[in-house]
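A short write-up of the structure that comes next.
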Amino acid sequence: MDGLGDVTFEVWVRTSDTVGAIISGANAGQDNEYLLYVAGGSLQMHVKGTASPMFASPGLTNGLFHHLVWVRRTAGSNELYMDGSLLGTATLPTGALSIAASGLFLQQEQDCVWGCFNKNEALLSDLDEVSLYNR
């Protein structure tokens, strides 16, 4: 992901938890370079330390699989979809992402760069067909 501007992330997720990261990307100076976060049945996108509004995602924590897609464009536009429906859009920082070689994690938010995990922030979930596209 390092150096990419246009990124599409998709995943099938079944969660039994209400708080945690689905994907987290960091570098030596930024822990929320790229983050998709679940909080109490809502989803939030983070790019370069800036967060989008919380988007209500009805049914996300119901124990069933849901298809999530986050489309991020270099120019700053971001779209978040769940099960084929648009949840919301946000303008977030522009430019290429800076993700360290050891800075990309699934199901865990990084409290500090490259480690510093709080085990209580691990997302209890099943992920399937995780895909990243450079478009």
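Along the range 2-14, what does the Karplus equation 6.51 cos²θ - 1.76 cosθ + 1.60 (θ = phi - 60°) give for ³J(HN,Hα), rounded to whole Hz, x for Gly and Pro?
Ordered by residue, 3J(HN,Hα) equals 4, x, 7, x, 8, 9, 10, 10, 9, 7, 9, 10, 10 Hz.
Of 32, 62, 78, which is the most mobile in a GNM of the chain whose springs link Cα atoms less than 10 angstrom apart?
62
Collect residues whose amide H, placed 1.01 Å from N in the peptide plane, falls under 5 Å from the amide H of residue 87; neighbours closer than 5 in sequence don't count.
HN-HN under 5 Å from residue 87: 80, 81, 82.
Mind listing the long-range amide H neighbours of residue 66? Cut-off is under 5 Å, sequence gap 5 or more, other chains count too, H placed in the peptide plane at 1.01 Å from N.
Placed amide hydrogens put 13, 14 under 5 Å from residue 66.
Counting only protein heavy atoms, what percent of the accessible surface of the chain is carbon or sulfur at a 1.4 Å probe?
Carbon and sulfur atoms account for 51 percent of the accessible area of the chain.
Given 0.36 nm per residue, what is the gain on full extension from residue 96 to residue 48 after removing their alpha carbon distance, in nm? Could you put the intermediate results ahead of the total?
Values: separation 48, 0.36 × 48 = 17.28 nm, distance 0.98 nm.
Stretched fully, the residue 96-residue 48 segment lengthens by 16.3 nm.
Roll a 1.4 Å probe over the protein chains and send me the accessible area per residue for the chain in Å².
Working: 6080 Å² over 135 residues.
About 45 Å² of surface per residue is accessible.
What is the magnitude of the charge dipole of the range 5-135 about its Cα centre, with +1 placed on the Cβ of each Lys and Arg, -1 on the Cβ of each Asp and Glu, and no other charges, expressed in debye to the nearest 20?
With Lys and Arg at +1 and Asp and Glu at -1, about 260 debye.
Tell me, what HN-Hα J-couplings in whole Hz come from the Karplus equation 6.51 cos²θ - 1.76 cosθ + 1.60 at θ = phi - 60° for each residue of the range 26-36, using x for Gly and Pro?
Ordered by residue, 3J(HN,Hα) equals 9, 9, 4, x, 9, 7, 10, 5, 8, 8, 10 Hz.
Can you tell me the FRET efficiency between residue 86 and residue 16 if r is taken as the Cβ-Cβ distance and R0 is 25 Å, rounded to the nearest 0.05?
0.45
May I ask you to derive the FRET efficiency for residue 28 and residue 106 from their Cβ-Cβ distance with R0 = 30 Å, giving the value to the nearest 0.05?
0.90
The values are calculated or read from the model by the stated rules, or taken from the named source; none is laboratory data. Small disclaimer: the values here were computed from a predicted structure and weren't measured. Quick reminder, even Gly has a Cβ in these numbers, built from the backbone with ideal geometry, and neighbours come from all protein chains shown. All accessible areas refer to the heavy atoms of the entire protein, side chains included, with ligands and DNA or RNA removed. Shrake-Rupley method; radii C 1.70, N 1.55, O 1.52, S 1.80 Å.
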